[in-house]
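All remarks here apply to the structure that follows.
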Amino acid sequence: FPAVGRTSEATTQLPESALSEAVRQVVRAASHDDARPLLTGVLLSRVDGSIRMVATDSYRMAMRDLPGIGALPGEDDLLVPARALAELQRLPARHVGGEDDEGGGGGKVGVAATNSEITFWQGNVQISTRLLEGRYPDYKQLIPDHYPNRLHLGKESFLAALRRVQLLVRDNTTPVRLSMRQGGVDLTVVSQEVGDASESVDGDFTGEDLVIAFNPSYLIDGTEAVLGDEVIVESADASRAATVRGADEDHFRYLLMPVRVS
């Protein structure tokens, strides 16, 4: 653990509710493999006057912008262990009604950082962690400029269908196939040991009919992270990364690599 007192005062104040929401959306995409330490972190950087948070395990990537919040301690990007941010994200629920919680979610989280560590203050709780060292992958090259295929669905109906077909999945190698078509999407899971499951979800689709497959757990993760009642799945083809995002907000993106199927 870092020595107490080296970062004794907050130099930046971040809105508690916005930070907690962003952490919830992003940390799910960080790797849990300590053999790839850089990918176990969340990148905090400044982009166009906003703070951007990015996490990836190389199979999916979550990216959230905090518009109008451009302040970060120091001049460099920060690579914060996802585990520490996950602990920070849990704190508001434990300390609602504290003196720093103005009206339930109006409080601030203090942040200070050195070259090697970062500290967060939430009420009377302080979380300190060492920053990860190294150059984070160039995630920007993974973000497509345009998607020719766009599927617009109700979030809860899509999630419910995904969870039902996932019941037949016995390991991470069994994908869910999405057959995107005019009028919605057909979901199919084929398990040699258990059987087949199919669901249809009504929605709006623009583009060429497309069959694309994903790890169902990863797709559920990304859909759950979307704010609002409607979700958009954008894709180029069955071999390139697709994007899951909300229909009404543009600050969160969840990129997901498809699974190759015969």
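Could you count how many residues in segment 44-59 are open to solvent by 20 Å² or more (accessible area, probe 1.4 Å) and touching a helix residue (DSSP H, G or I) at 6+ places or on another chain (Cβ under 8 Å)?
Within segment 44-59, residues that are open to solvent by 20 Å² or more (accessible area, probe 1.4 Å) and touching a helix residue (DSSP H, G or I) at 6+ places or on another chain (Cβ under 8 Å) number 2.
Kindly list the number of the only condition in (1) under 22 Å from Leu256 (Cα atoms); (2) outside any loop (DSSP other than H, G, I, E, B); (3) at pLDDT below 95 that fails for Phe120.
(1) is the only condition that Phe120 fails.
What number of residues within segment 190-215 are surrounded by fewer than 16 Cβ atoms within 10 Å (Cβ to Cβ), within 23 Å of Ser239 (Cα to Cα) and not hydrophobic (A, V, I, L, M, F, W, C)?
The number of residues fulfilling the criteria is 7.
Mind checking which pairs have a first residue in segment 57-72 that is at pLDDT 85 or above and a second that is assigned to a strand (DSSP E or B) and open to solvent by 30 Å² or more (accessible area, probe 1.4 Å), Cβ under 7 Å, 6 or more apart or different chains?
Listed by first residue and then by second, the contacts come to Met63/Arg52; Met63/Arg253; Asp65/Arg52.
List the number of the failed condition for Arg36; all other conditions in (1) over 13 Å from the mean Cα position of the chain (by Cα); (2) open to solvent by less than 10 Å² (accessible area, probe 1.4 Å) hold.
All conditions pass for Arg36, except number (2).
Scanning for something modelled with pLDDT of 95 or more, assigned to a helix (DSSP H, G or I), touching a strand residue (DSSP E or B) at 6+ places or on another chain (Cβ under 7 Å) and open to solvent by less than 50 Å² (accessible area, probe 1.4 Å), does segment 8-19 turn up at least one residue?
There is no residue in segment 8-19 that is modelled with pLDDT of 95 or more, assigned to a helix (DSSP H, G or I), touching a strand residue (DSSP E or B) at 6+ places or on another chain (Cβ under 7 Å) and open to solvent by less than 50 Å² (accessible area, probe 1.4 Å).
Which of the residues belonging to segment 223-250 are in contact with a His (Cβ under 7 Å, 6 or more places away or on another chain) and open to solvent by less than 50 Å² (accessible area, probe 1.4 Å)?
Ile232, Ala247, listed by residue number.
Can you tell me how many residues within segment 52-85 are within 19 Å of Pro137 (Cβ to Cβ) and part of a strand (DSSP E or B)?
Summing the residues that are within 19 Å of Pro137 (Cβ to Cβ) and part of a strand (DSSP E or B) in segment 52-85 gives 15.
Select from segment 20-51 the residues that are outside any strand (DSSP E or B) and in contact with a Pro (Cβ under 7 Å, 6 or more places away or on another chain) and list them in ascending order.
Once the filter is applied, which keeps residues that are outside any strand (DSSP E or B) and in contact with a Pro (Cβ under 7 Å, 6 or more places away or on another chain), segment 20-51 yields Ser20, Thr40.
Hey, any hits in segment 170-185 for a residue that's of a type in the set (A, V, I, L, M, F, W, C) and at pLDDT below 95?
no
Please count how many residues of segment 230-261 are within 24 Å of Arg46 (Cα to Cα) and either out of contact with any helix residue (DSSP H, G or I) (no Cβ under 6 Å at 6 or more places or on another chain) or of a type in the set (A, V, I, L, M, F, W, C) (or both).
12
Please specify each residue of segment 200-217 satisfying the condition of being more than 14 Å from Arg177 (Cβ to Cβ) and of a type outside the set (A, V, I, L, M, F, W, C).
Residues satisfying the conditions are Asp202, Gly203, Asp204, Thr206, Gly207, Glu208, Ser217.
Out of the residues in segment 144-189 that are among the basic types (Lys, Arg) and in contact with a strand residue (DSSP E or B) (Cβ under 8 Å, 6 or more places away or on another chain), which is surrounded by the most Cβ atoms within 10 Å (Cβ to Cβ)?
Across segment 144-189, the extreme among qualifying residues is Arg177.
The values are calculated or read from the model by the stated rules, or taken from the named source; none is laboratory data. Since the structure is predicted, the reported quantities are computational estimates derived from the model, not experimental observations. Ideal geometry is used to build each Cβ from the backbone, glycine not excepted, and the neighbour counts take in all protein chains shown. Just the protein is used for accessible areas: all its heavy atoms, side chains included, with ligands, DNA and RNA removed. Shrake-Rupley method; radii C 1.70, N 1.55, O 1.52, S 1.80 Å.
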